[in-house]
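As structure tokens, the structure follows; a few thoughts come after it.
No lab work stands behind these numbers, since they all come straight from the coordinates. If you're wondering where the values come from, they're calculated on a predicted model, not measured in any experiment. Neighbour counts are summed over all protein chains in view; Cβ atoms, including those assigned to glycine, are modelled from backbone coordinates with ideal geometry.
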Amino acid sequence: MTLAAGSAPPTRPSPIAWRIASVTEIRDETPTVKSFTLAVPDWPGHRAGQHVDLRLTAQDGYSVERSYSIASEPERGSDVELTVERIEGGEVSPFLDQVVIVGDRLEVRGPIGGYFVWESSTTPTEALFLVGGGSGVVPLMAMLRHRARNGLRNPARLLLSARHAEDVIYRSELEALAAAGDGFELVLTLTRSTPQGWTGYSRRIDDRMVAEVLEPLGSRARCFVCGPTALVEVAADALARLGLPADRIRTERFGPTGT
Amino acid sequence: MATRVDDEIEDAVLDGNAVGGLLASSFGADMTAIPGRCAHCNTVSMIGQLRAYTRAPGTVLRCPVCAEVVVRIVETPTSVLVDASGAAWLRMDRR
């Protein structure tokens, strides 16, 4: 492309415009969770932890919007991956789960959010403590993929709660990241059932668990907590009681509007 | 004693991140990381930290410390109405 003298420079694509994205890949993560890769035209780029709004419009004009965290790392560019859990009785997630196929087009707006965001370039050596429940792992996965992609070796731990072993989203990828020996460790807790020989935690996240998993990272760790409201409250309160400064604890709650 | 209805309401509480897209489209910039002071208890929180009650005709954002209303947002077909009378101030960086 050439610019004529005096013409305006190309403007940066706006993050708040609705764009028509194409579904390029759908992958099963667990029996109730799928990942969708969207090719988004003019994607402005995103930071790990941000989300998009997704809008569905019926032929009569009725439309619904939902927010979904971005699972892909910024380095993947305009191939934006969302991971969606099917919520029974929901308006949007059953449609995504059962109706959408590769080649379909979806309206998205984003990236959105500047609060629940981690950029490896600003704090490349700082310890990172991530706490997730269920599909709350999605924005945390974007952070871990971002960290791995940049070859960081800062101490990092993910404490992840799920009901059953088969409900752990990204389990094989998380275990591979943990086996890479770059300072990342994965700690799982299963709250409803455990497989035979399970040696990990088997209860809901509580003060003692947070203290034990955080301990090797120390009280200067940067913390991100994402999950259902109850889990977020417990974990954030525990971190505050352990003496972590409030400005190092970032939280994101998800709930029934995310269905 | 907490009732089942109370529990359901508590489960439905989100945070200011949930209305990030709506606010960004209204103000033209991300609002979740801007700080504001609660007019009731003087706590400074970022918008993303406020408690969001979204299962209503509008959205109500409450202070995480004193639970008073900081911001109300109502969408109509032609406009977005933001009542920030519960905020003493909001601070936006120059871009």
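Considering only A:LEU144, A:THR199, A:ALA178, the residue lying farthest towards the positive end of the dipole of region A:128-254 is A:LEU144, judged by Cα position with unit charges set on Cβ. Taken residue by residue and averaged, Cβ atoms of other chains lying within 10 Å of the Cβ of B:46-56 number 3. Counting Cβ atoms of other protein chains within 10 Å of each residue's Cβ and taking the mean over peptide A:102-115 gives 4.
Packing order of peptides A:138-144, B:61-67, highest average first: A:138-144, B:61-67 (average count of other Cβ atoms within 10 Å over each peptide's residues).
Modelled spin labels at A:ILE87 and A:GLU107, positioned 7 Å past Cα toward Cβ, are 2.0 nm from each other. All other residues whose Cβ lies under 13 angstrom from that of A:ARG222 are scored, Lys and Arg at +1 and Asp and Glu at -1, for a net of +2. With the highest mean first, a sort of the peptides A:97-106, A:168-177, A:125-134 on other beta-carbon atoms found within 10 angstrom per residue produces A:125-134, A:168-177, A:97-106.
Around B:CYS38, with a cut-off of 12 angstrom between Cβ atoms, what is the net charge of the other residues, counting Lys and Arg +1 and Asp and Glu -1? Summing Lys and Arg as +1 and Asp and Glu as -1 gives +2.
Along region A:65-73 the Karplus relation, 6.51 cos²θ - 1.76 cosθ + 1.60 evaluated at θ = phi - 60°, assigns HN-Hα couplings of 10, 9, 9, 10, 5, 7, 8, 7, 7 Hz to successive residues, with x for each Gly and Pro.
If you plug the beta carbon distance of B:VAL80 and B:VAL44 into 1/(1 + (r/R0)^6) with R0 = 25 Å, you get a FRET efficiency near 0.55. With the simple spin-label model, which puts each label point 7 Å out from Cα in the Cβ direction, the A:ALA180 to B:MET92 separation comes to 3.8 nm. Taking 0.36 nm per residue of separation and subtracting the Cα-Cα distance, full extension of the segment from A:ALA165 to A:TRP198 would add 10.9 nm. The calculated 222 nm mean residue ellipticity attributable to helices in chain A amounts to -5500 deg cm²/dmol, summing -39500 (n - 2.57) over DSSP H runs of n ≥ 4 and dividing by all residues. For peptide B:21-31, what's the mean number of Cβ atoms from other chains within 10 Å of each residue's Cβ? Taking all residues of B:21-31 together, the mean is 6. Only beta bridges with both residues in the protein assembly as shown are counted; by DSSP, about 65 percent of them are antiparallel.
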